[in-house]
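Each reported figure results from applying straightforward, stated rules to the coordinates on display, with no laboratory input. The model shown is predicted, which means the values in this text are computed figures rather than measured ones. We place every Cβ from the backbone using ideal geometry, glycine too, and count neighbours over all the protein chains shown.
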Amino acid sequence: MLLLDRLLLVLDNLARISLKTPLGSFCLQLNCRCGIIKQKQIGRVGVMEKLKKYVELLVRKGVNIQPGQKLVVRCQVDLAYFGRLIMEEAYKAGAAKVLILWDDEISGRIHYLNAPDDAFGHEYDWIKARIKFLVDEGYNLLSVSAGDPEILKGVDPVRVQKNMKAGSIMSKPLSDRVSTSQIQWTIGSVPTPVWAKKVFPDAKSTEEAMELMWDAIFFASRVDDGCAVANWDKHVAYLTEKSDKLMEYNFKSLHLKNSLGTDLVMEMPEGHVWISCGEKAKTGYNFIANIPTEEVFSAPHRTGVNGIVYSTKPLVYMGDIIDEFWIKFKDGKAVEYDAKVGKNLLEKLITTHKNADHLGEIALVPHSSPISQSGILWYNTLYDENASCHLAFGRGYGDCVKGAVGKSEEEQMEMGLNHSLAHEDFMVGSACMDIIGTTFDGKEVQVFKQGEWAI
């Protein structure tokens, strides 16, 4: 019996247990904690059937695991059921080996709150050895992005900052392979009770919030009608058409402006490349880096950004929230900034890692994207960045500049590509966003008008 079939059987049996019994009460808590909800029907396709399609999409279209390849899955322990579904599907697709790296955000919070001061900021040989093993063995990567967006609220940010910096250094060999598409990788997500209640605060119960969250994820991931693969083939073709048009124009600069106060000019490196969701890894196989994704992205010149930009959505960083912030850039560097919520976190984001005060990405997303039109504030960058044009502090992706992959960091920096251990997206798009592109021969082209594609 397949794992998904066993889950259906378990859910059916659990539904027969009286909630007045200790076992029934425990099972309800377990279901809420793990995010497993009773099967219900939405249209013609039930939730569990959609979950199956979603898992298939992540494995076979997202990371696109091939026979004989290896896969590492990053997943929260509270979502073990989902990690196991991914593992099973990957083996069905022919994977030679599947490893799961478990994380536990709750024990992480306990550690941050109770450990002595000298317990933070260390680099460990065993973690470096694990990363080296994954790189040497050619593992592809599937990450499950889910959890409490405010899990570290109230924690000393200095402690978090130290651990994040050490973690970035230790994981650099793997993150370098990701940022240069040396491997196939993707990110997906599933609901958690705390996250669902944050996103749907008016829900009458945790169970209702979870059901709403499942519906939203299935819709955003284009699996709600049971035709996920066909939907994504069409979507990839649409975004590829946009990236091809941007490549034809070969812009020297982009000017972003809206009524909120954003007025930012971004020079683009010579030989810059616009990338959509249908990327090809150096393994020779295509993959979709994020599911969902609505973006076409590239890298601005690291010293060619000037002006001011205002955020349009909250940013979850270090387990807490930064909101209503602005940044002023001069010659590529963030020289002034402020935030109504989380200014100290914004400062740490910009100053913790070398070159995190420069930009590494610009991504174009229409205001009419399904995620934007849903009106949901996700408190999760995987989703919120696909509701809005966004920029990223820190590292640029090597594939975004022709000839950059394989060169040293110094050489890439000379080409205009920013290098940093950090890469943090923040949202700047709006319904009133206009973007004018200027070509190298001085021609001006309307790229976005009132938040929508104009090319």
Length added when fully stretched, residue 440-residue 303, from 0.36 nm per residue minus Cα-Cα: 47.6 nm
Cα-based reach from residue 132 at 15 Å (exclusive), listing aspartates and glutamates while leaving out same-chain residues under 8 positions away: 123, 176
Too-long pairs where the Cα-Cα distance tops 32 Å, listed order kept, from 234/328; 280/449; 242/407; 153/245; 282/449: 234/328; 153/245; 282/449
Pairwise FRET efficiency - residue 351 versus residue 229, Cβ, R0 = 30 Å, nearest 0.05: 0.10
Fewest-first sequence of 120, 426 by Cβ atoms within 10 Å of each Cβ: 120, 426
Simple label model, 7 Å out from Cα along Cβ direction - residue 158 to residue 410, nm: 3.5 nm
Local net charge near residue 182, Cβ-Cβ under 15 Å (Lys/Arg +1, Asp/Glu -1): +3
Square roots of five times the Cα gyration tensor eigenvalues for the stretch 358-398, Å: 22, 11, 7
Centre separation in Å (Cα based) which lies between the stretch 171-220 and the stretch 112-161: 18 Å
Unit charges on C-beta of K, R, D, E only; dipole of the stretch 78-206, Debye: 200 debye
Spin-label model distance (nm) - residue 208 vs residue 111, 7 Å beyond Cα toward Cβ: 3.8 nm
Packing-based exposure ordering (other Cβ within 10 Å, fewest first) of 351, 283: 351, 283
Partners for residue 204 among aspartates and glutamates (Cα-Cα distance below 20 Å; same-chain residues under 8 apart left out): 148, 215
Base-10 log of normalised Debye intensity for the chain (one unit scatterer per alpha-carbon) at q = 0.07, 0.08, 0.12 Å⁻¹: -0.35, -0.46, -1.09
Residue-span extension gain [residue 343 to residue 99] - 0.36 nm each, minus C-alpha spacing: 84.0 nm
Between helix 228-249 and the chain: long-axis angle, C-alpha atoms, 0 to 90°, nearest 10: 10 degrees
Spin-label pair residue 136/residue 247, simplified geometry with 7 Å Cα→Cβ offset, distance in nm: 3.7 nm
Mean shadow area of the stretch 229-453 over all directions, Cα convex hull, nm²: 12.0 nm²
log10 of Debye I(q)/I(0), alpha-carbon scatterers only, for the stretch 45-220 at 0.16, 0.17, 0.19 Å⁻¹: -1.09, -1.18, -1.31
Stretch gain in nm, segment residue 335-residue 323, where the contour uses 0.36 nm per residue and the Cα spacing is subtracted: 2.5 nm
HN-Hα J in Hz across the stretch 340-348 - Karplus 6.51, -1.76, 1.60, θ = phi - 60°, x for Gly and Pro: 6, 10, x, 4, 5, 5, 4, 4, 5
Neighbour cut-off at most 12 other Cβ (10 Å), DSSP loop, GluC sites (Glu not before Pro), the stretch 106-200: 123, 137
Share antiparallel - DSSP beta bridges, the chain, percent rounded to 5: 75 percent
Theoretical ellipticity at 222 nm over the chain - DSSP helices of four or more residues, -39500 (n - 2.57) apiece, nearest 500: -11000 deg cm²/dmol
Rounded tilt (10° steps) of 22-34 against the dominant C-alpha axis of the chain: 20 degrees
Lys, Arg +1 and Asp, Glu -1 on Cβ, resulting dipole of the chain about Cα centre, debye, nearest 20: 1060 debye
For the stretch 340-427, Kirkwood radius (reciprocal of mean inverse C-alpha pair distance, Å): 14.3 Å
